[in-house]
Structures are given as C-alpha cells and as structure tokens.
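Colleague: Take a look at this one; I'll ask things after.
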Amino acid sequence: MTPLRVNGEHVELDVEPRRTLLDALRADLGLTGAKKACDMGNCGACTVLLDGEAVYSCLVLAVDCVARAVTTIEGLGEGGKLHRLQEAFIAADAFQCGFCTPGQLMALAALFERVARPSDAQIMRALSGNLCRCGAYQHILRAAHMARDR
C-alpha cells in the first residue's frame, strides 16, 4: 500500500510502481480536476501542487509522493469557499471550454503561495507551462491581476 496525503487527507492506495500520480488521482481517488491531455508534460492540464510546488502529475510517480502533500484543484478552496484565484477566474471570465482551467489555477496558486504580490513577469513565468487551446490568455492574466490586487 502507498500512503499519500491528498488535499489534507491521508489515503492508502495499492498502486504499481509505474503508476503516475495523475492516474492515481483520477482513477483511484476519483479526483478528475487534473486533466489527462498530452500525458508528456507539455500542456500543464494535469498540474497539481506537490509540497506547494506546481508539478505535472503525468510526470510524477505516485510512489514518489509518499510523505508529501498533494493538492489538487478539488482541494484548493477552504471550508467550502472558493480560493481567491477561483473567484477571480469567474469574475474575469478566464475560461472558455474550461479544460485547462484547473492547471492554470494550480500554477498560479503555487506562485501566490510563494509571492503575495507577484509581478507581471512572475505571473507570465508561472503560466508559461500551461496551454489554453481556446486562447483565453488575456482573461487568465486579468484574473491573476484581480487576485493579486485584491
């Protein structure tokens, strides 16, 4: 059994050593917010936080996450309330199809955890590994600015 801490809760999973964190989250835990898209670490749709750092969960083995904190989009808000980034995404209409939205939010959440008021360059850098096929980049940037200036 592989003990994991996901969204603040301890879980035990029986996973093969080659199983990715993304597959364990989606298939074993039913946490489908992290999306399986390229499965090669190119698009950022599967971004989660691992000990507060944004990582592509398709490139991380579940067994490498023992004794580490995994946070998914499902665990981003607290006490039933949306995270300020989630509220900003809604206010700025920062999503179109919504497929990339969880990855975008998690990448920004990692940045905002480290830097209270990130610069535009820091925001751009944090989002640089997340692709939006709909082209909602200006709205995503507006949402990041709204969350920062709040």
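Read-outs: derived from the displayed coordinates by stated rules, not from any lab. From a predicted model like this one, the values you see are computed outputs, not experimental measurements. FYI the Cβ positions are ideal-geometry reconstructions off the backbone, even for glycines, and counts take in every protein chain you see.
Colleague: For the range 33-51, what are the residues that are under 15 Å from Glu74 (Cα atoms) and either without any contact (Cβ under 8 Å) to a residue 40 or more places away in the chain or in a loop (DSSP other than H, G, I, E, B) (or both)? Please lay out each step first, then the result.
Modeller: Pass one, the range 33-51, residues under 15 Å from Glu74 (Cα atoms): 33-35, 45-50.
Passing the criteria: Gly33, Ala34, Lys35, Ala45, Cys46, Leu50.
Colleague: May I pose another question? Taking the range 20-46 on its own, how many of its residues are over 15 Å from Asn7 (Cβ atoms), touching a Gly at 6+ places or on another chain (Cβ under 9 Å) and surrounded by 19 or more Cβ atoms within 10 Å (Cβ to Cβ)?
Modeller: Counting residues in the range 20-46 that are over 15 Å from Asn7 (Cβ atoms), touching a Gly at 6+ places or on another chain (Cβ under 9 Å) and surrounded by 19 or more Cβ atoms within 10 Å (Cβ to Cβ) gives 5.
Colleague: If you don't mind, there's one more thing I want to ask. Can you find even one residue in the range 98-111 that is part of a strand (DSSP E or B) and on the phi < 0 side of the Ramachandran plot?
Modeller: No, the conditions are met nowhere in the range 98-111.
Colleague: Suppose we keep only residues that are outside any helix (DSSP H, G or I) and hydrophobic (A, V, I, L, M, F, W, C) within the range 122-150. Which one would you say is surrounded by the fewest Cβ atoms within 10 Å (Cβ to Cβ)?
Modeller: Of everything passing the filter in the range 122-150, Cys134 is surrounded by the fewest Cβ atoms within 10 Å (Cβ to Cβ).
Colleague: Of the residues Cys97, Cys58, Cys134, which single one is of a type in the set (A, V, I, L, M, F, W, C) and under 30 Å from Pro17 (Cα atoms)?
Modeller: The conditions single out Cys58.
Colleague: Next up: Can you name the residue in the range 85-110 that is crowded, with 16+ Cβ neighbours inside 10 Å and in contact with a Lys or Arg (Cβ under 8 Å, 6 or more places away or on another chain) and is also farthest from Val48 (Cα to Cα) among such residues? If you could, list the steps in order and put the result at the bottom.
Modeller: Looking only at the range 85-110, we keep the residues that are crowded, with 16+ Cβ neighbours inside 10 Å, and these are 85-89, 92, 94-95, 99-110.
Among the residues that remain, those that are also in contact with a Lys or Arg (Cβ under 8 Å, 6 or more places away or on another chain) are: 88, 92, 94, 99-100, 102-103.
Values: Ala88: 19, Ala92: 22, Ala94: 19, Phe99: 14, Cys100: 12, Pro102: 8, Gly103: 7 Å.
The selected residue is Ala92.
Colleague: Can you tell me which residue within the range 47-68, out of those that are aliphatic (A, V, I, L, M) and over 13 Å from the mean Cα position of the chain (by Cα), is surrounded by the fewest Cβ atoms within 10 Å (Cβ to Cβ)?
Modeller: Ala67
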